[in-house]
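The values are calculated or read from the model by the stated rules, or taken from the named source; none is laboratory data. These numbers come from a predicted model, not from an experiment. As a convention, Cβ positions derive from the backbone with ideal geometry for all residues, glycine included, and neighbour counts pool all protein chains shown.
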Amino acid sequence: MWQCISCNIRLAVSLFFLLTASIVTAQQIREVPVPNLRDVSIATFDRYGPVIYYNPKALKKLGPQVAEFVRAHEYAHHAMKHMQREKQSNQDISMTELRRSFELEADCYAAKKVSRESALAAADDFSKIVGSKRVDSVHPTGKERSAMIRQCAGITS
Ligand SMILES: [Zn+2]
């Protein structure tokens with residue numbers, strides 16, 4: 001019986017790349033507790049791939065609803081490829097402006113993912129606790145973040 005050997009090889013090669021591509025895109029984001037972390041949580045990459053480091057005590061202090069929001073916010077940084085986009089950015093926009101815009105993007109993404117109660121709890125914390133201050137120079141003010149979360153979660157009252 002005639003067999004197309006090169007066709008089989010081509011098929012095998014395509015299958016290999018297809019599988020590899022799906023493994024890479026579905027690469028799992030690990031969540032790693034770091035007790036002495038200065039931030040509540042951060043999204044980054046280590047040598048094993050995408051990772052979220054979090055301070056378990058600090059996260060617990062925020063309560064389950066705000067913690068759910070914070071977790072979704074860190075996943076958003078990975079989903080929206082903020083670390084890669086920061087590296088590719090041209091210098092037309094300052095790094096501070098770029099990072100602040102990424103923080104608002106992550107807040108909006110998270111606000112749409114979590115429950116309405118969690119979005120509301122996070123928005124309230126940002127407006128009441130952080131207020132017109134910033135947690136650091138790369139984050140928007142608490143009031144800006146609160147407004148973004150409310151808008152993206154569709155909270156009008
Ligand atoms: Zn962030």
Within region 95-109, work out how many residues are among the small types (Gly, Ala, Ser) and either over 12 Å from the mean Cα position of the chain (by Cα) or more than 9 Å from the ligand (Cβ to nearest atom) (or both). 1
Gly142 fails exactly one of (1) in contact with a Gly (Cβ under 6 Å, 6 or more places away or on another chain); (2) surrounded by fewer than 17 Cβ atoms within 10 Å (Cβ to Cβ); (3) not basic (Lys, Arg), namely (2)
Can you tell me which residues in region 134-152 are modelled with pLDDT of 95 or more and in a loop (DSSP other than H, G, I, E, B)? Pro140, Thr141
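Residues to consider are Ile129, Ile155; find the one that is farther than 19 Å from Val40 by Cα and either under 13 Å from the mean Cα position of the chain (by Cα) or modelled with pLDDT under 95 (or both).
Matching residue, one of Ile129, Ile155: Ile155.
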Is there any pair linking a residue in region 90-102 that is part of a helix (DSSP H, G or I) to one that is β-branched (Val, Ile, Thr) and within 13 Å of the ligand (Cβ to nearest atom), with Cβ under 7 Å and at least six apart or on different chains, and which? Thr96/Val138; Arg99/Val138; Arg100/Val138
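When only residues in region 39-54 that are assigned to a loop (DSSP other than H, G, I, E, B) and more than 14 Å from the ligand (Cβ to nearest atom) count, which is nearest to Tyr75 (Cα to Cα)? If you could, list the steps in order and put the result at the bottom.
Looking only at region 39-54, we keep the residues that are assigned to a loop (DSSP other than H, G, I, E, B), and these are 39-40, 47-48.
Pick out the ones that are also more than 14 Å from the ligand (Cβ to nearest atom) and you get 47-48.
Details: Arg47: 18, Tyr48: 16 Å.
Looking at residues that are assigned to a loop (DSSP other than H, G, I, E, B) and more than 14 Å from the ligand (Cβ to nearest atom), I get Tyr48.
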